[in-house]
Amino acid sequence: MKNLLTAWSSQFSDKNFRVIFFATIVVLIICLTALSNFLTYNDTLSGVAYIDPILKYFKPIDVTYVTFFLIYGGLLAGLIVLLQYPKHLLIAFQAYSLMAVFRICVMYSLPLDPVPDTIPLEDPLVQLFGTGEILMRDLFFSGHTSTMFLLSLTAPLKKIKYIFIVLTVLVGLAVLIQHAHYTVDVLAAPFFAYTSYRIIIILNKKFNLISLEK
């Protein structure tokens, strides 16, 4: 805890960092709100369903609780780690914001209907504390898989990066086992996460904002 406070107090002594921090939080909130509203709207539309070349070979299995154990466990671990590295955390927030914009654009451009025999992925926390709404067309590309991969990119230590790469694979497999996503949704997710991350790194370097170089 002492190291955590020291890291943040040191960064917040820099006026430039304070401005970037609050601007990042505002943009993150705007992007998350836009994505949430879009997903609700997107679920009212119709799209295209197709026979997945991989999923057609096996029936779906309900692994909802395993999936969300991996997701929430990964998110909690990622937050705990990144909180110790303020710059890495801001890069993660910025890249996630851009990734949310990508998801809106891509889902709107490529509307898909759920896999015909899908087992809906019911978020336990949303069911317990939220509206209970189940989004069926939050598909291309997989937000859960891309988030895990983004955490691997922004993690400051190699061992932690490897853990999140494993989590990326496990989450991707879990949503496929349940037929909650098409195979292409999962395969494309790391590419969008990496693209978002690289764009943010390039923009920060170009405008002399945040540097992760030691």
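The values are calculated or read from the model by the stated rules, or taken from the named source; none is laboratory data. Not measured: the values here are computed from a predicted model. Cβ: placed from backbone, ideal geometry, glycine included. Neighbour counts: every protein chain shown.
Taken over region 1-45, the criterion of being part of a loop (DSSP other than H, G, I, E, B), over 21 Å from F140 (Cα atoms) and either touching a Ser or Thr at 6+ places or on another chain (Cβ under 6 Å) or of a type in the set (D, E) (or both) is satisfied by D14 alone. Residues that are over 19 Å from I201 (Cβ atoms) and touching a Phe, Trp or Tyr at 6+ places or on another chain (Cβ under 6 Å) within region 129-147 comprise just one, F141. A single member of V66, V101 is closer than 23 Å to I210 by Cβ and of a type outside the set (G, A, S), and it is V101. Residue pairs whose Cβ atoms lie under 7 Å apart, separated by 6 or more positions or on different chains, with the first residue in region 175-192 and within 18 Å of A100 (Cα to Cα) and the second β-branched (V, I, T) and at pLDDT 95 or above, are H181/V175; V186/T145; V186/V175; A189/T145; P190/T168. Of all the listed residues (A34, A7), the sole one being small (G, A, S), touching a Pro at 6+ places or on another chain (Cβ under 7 Å) and touching a residue at least 12 places away in the same chain (Cβ under 8 Å) is A7. Annotation: F93 fulfils all but one of (1) without any contact (Cβ under 8 Å) to a residue 24 or more places away in the chain; (2) part of a helix (DSSP H, G or I); the unmet one is (1). Of the helices (runs of 4 or more DSSP H) entirely within region 99-214, those holding at least 3 residues that are modelled with pLDDT of 95 or more occupy 143-154, 158-177, 183-206. Report yes if some residue within region 14-24 is under 22 Å from S196 (Cα atoms), under 17 Å from the mean Cα position of the chain (by Cα) and not aliphatic (A, V, I, L, M); otherwise report no. Within region 14-24, one or more residues are under 22 Å from S196 (Cα atoms), under 17 Å from the mean Cα position of the chain (by Cα) and not aliphatic (A, V, I, L, M).
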